[in-house]
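Chemist: Supplied in structure tokens, the structure appears directly below.
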Amino acid sequence: MRVGILLSVREKATRLPGKVLKPLGDGNVTQFLLRRLKESRRADAIIVATSTDPRDQVLCDIAAAEGVACFRGSLDDKLVRYRDACRMFDLDFAVVVDGDDPFVSIDHIDRLIAHAEAAPIDFVTFDGLPLGATGFGLAASALERVCKDRPESNTEVWGSLFLGDPAFACGRITETDDRYHRPWLRMTLDYEEDYRLFRAVVDGLSAQGLAPTFSNIMVFLADHPEIAQINQGVQQAYETHLRSSEISAEIGADARIGA
């Protein structure tokens, strides 16, 4: 089985313009995330999945500089974009990672891949992790089916197309390790407060000579609860945005993905 990580990212943010190009660590947010994704031990390929919008050329330039592939597909239909990326790179399974999630857990991505390698599955993700810490595993065959059968092409939020359809084999892995089971933490980049948290964590780890692994990030936030609180005030605004996108309560906040 050939497996890829699709970094779903676009340069179109309105709540925090230019967020995926903001400085973080030794580069920008997208570079920081790509360098972390390259630590995966199970993925056969890492692909920046963006759109044909001319503004997204900068993301392909970053991908080339970081030595990873870039796919430019549908402007608005993310599922078609992912399907076509799987076709181009001959993937059987993909883990979609949101470009807003620079602290995504690489170990948990590898666990999603291991889960898919152990038994056939169409859709799989984690429950119990902080918002922004998990990717979403998708079988290429499931992407082919959903792109053919779904009633409309609005894929701003797409989790319900799998979780709400019994024809798809879906799995949700519950993280029970107390070091990581902290669903109240917010580690996604939508607001200035989120960016302040990311900068504080990365700079703090760097000052200690520590790499920004998920384990180190979680220990740092546990040791510095005042930093973990930096962006807690924006969560209500974020949930209001999710409700406006008509996310099913069954799916929850982590059903959002893509840029």
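Chemist: Restricting attention to the range 181-209, which residues are closer than 21 Å to Gln31 by Cβ, more than 17 Å from the chain's Cα centre (by Cα) and either of a type in the set (Ser, Thr, Tyr) or part of a helix (DSSP H, G or I) (or both)?
Modeler: Residues satisfying the conditions are Glu192, Arg196, Leu197, Arg199, Ala200, Val201, Val202, Asp203, Gly204, Leu205, Ser206, Ala207.
Chemist: Right, Arg10: of a type in the set (Lys, Arg) and either in a strand (DSSP E or B) or more than 30 Å from Leu210 (Cβ to Cβ) (or both) or not?
Modeler: yes
Chemist: If you check Ala64, Ala13, which single one turns out to be modelled with pLDDT under 95 and small (Gly, Ala, Ser)?
Modeler: Ala13
Chemist: Residue check, Ser105 against (1) polar (S, T, N, Q); (2) closer than 26 Å to Met187 by Cα; (3) more than 13 Å from the chain's Cα centre (by Cα), all met but one. Which one?
Modeler: Against the list (1) polar (S, T, N, Q); (2) closer than 26 Å to Met187 by Cα; (3) more than 13 Å from the chain's Cα centre (by Cα), Ser105 comes up short only on (3).
Chemist: Which of the residues spanning the range 184-198 are more than 30 Å from Ser141 (Cβ to Cβ) and buried (at least 16 other Cβ atoms within 10 Å of the Cβ)?
Modeler: If the condition is that a residue be more than 30 Å from Ser141 (Cβ to Cβ) and buried (at least 16 other Cβ atoms within 10 Å of the Cβ), then Leu185, Arg186, Met187, Leu189, Asp190, Tyr191, Glu193, Asp194, Tyr195, Leu197, Phe198 are the ones that fit.
Table: residues versus (1) within 27 Å of Phe214 (Cα to Cα); (2) surrounded by 24 or more Cβ atoms within 10 Å (Cβ to Cβ).
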{"position": "Ala64", "(1), (2)": "yes, no"}
{"position": "Val80", "(1), (2)": "no, no"}
{"position": "Phe89", "(1), (2)": "no, no"}
{"position": "Val97", "(1), (2)": "yes, yes"}
{"position": "Ile121", "(1), (2)": "yes, no"}
{"position": "Ala133", "(1), (2)": "yes, yes"}
{"position": "Gly137", "(1), (2)": "yes, yes"}
{"position": "Arg145", "(1), (2)": "no, no"}
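Chemist: Among the numbered conditions (1) surrounded by fewer than 16 Cβ atoms within 10 Å (Cβ to Cβ); (2) at pLDDT below 80; (3) in contact with a Phe, Trp or Tyr (Cβ under 9 Å, 6 or more places away or on another chain), tell me where Asp254 comes up short.
Modeler: Among (1) surrounded by fewer than 16 Cβ atoms within 10 Å (Cβ to Cβ); (2) at pLDDT below 80; (3) in contact with a Phe, Trp or Tyr (Cβ under 9 Å, 6 or more places away or on another chain), the lone unmet condition for Asp254 is (1).
Chemist: Select from the range 49-60 the residues that are touching a residue at least 40 places away in the same chain (Cβ under 8 Å), farther than 15 Å from Arg35 by Cα and not in a strand (DSSP E or B) and list them in ascending order.
Modeler: Residues satisfying the conditions are Asp53, Arg55, Asp56, Val58.
Chemist: Take residues that are touching a strand residue (DSSP E or B) at 6+ places or on another chain (Cβ under 9 Å) and over 29 Å from Pro23 (Cα atoms) and tell me which of the strands (runs of 3 or more DSSP E) falling wholly in the range 61-165 contain 2 or more.
Modeler: 123-127, 136-139
Chemist: Among Glu11, Glu39, which is of a type outside the set (A, V, I, L, M) and surrounded by fewer than 18 Cβ atoms within 10 Å (Cβ to Cβ)?
Modeler: Criteria check complete, one pass: Glu39.
This table checks each residue for (1) in contact (Cβ under 8 Å) with a residue 60 or more places away in the chain; (2) farther than 23 Å from Phe198 by Cα.
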| residue | (1), (2) |
| --- | --- |
| Gly18 | no, no |
| Lys22 | yes, no |
| Gly25 | yes, no |
| Asn28 | no, no |
| Phe32 | yes, no |
| Arg35 | no, no |
| Lys38 | no, no |
| Arg41 | yes, yes |
| Ala63 | no, no |
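The values are calculated or read from the model by the stated rules, or taken from the named source; none is laboratory data. All figures in this text were calculated on a predicted structure; none of them were measured in a lab. We place every Cβ from the backbone using ideal geometry, glycine too, and count neighbours over all the protein chains shown.
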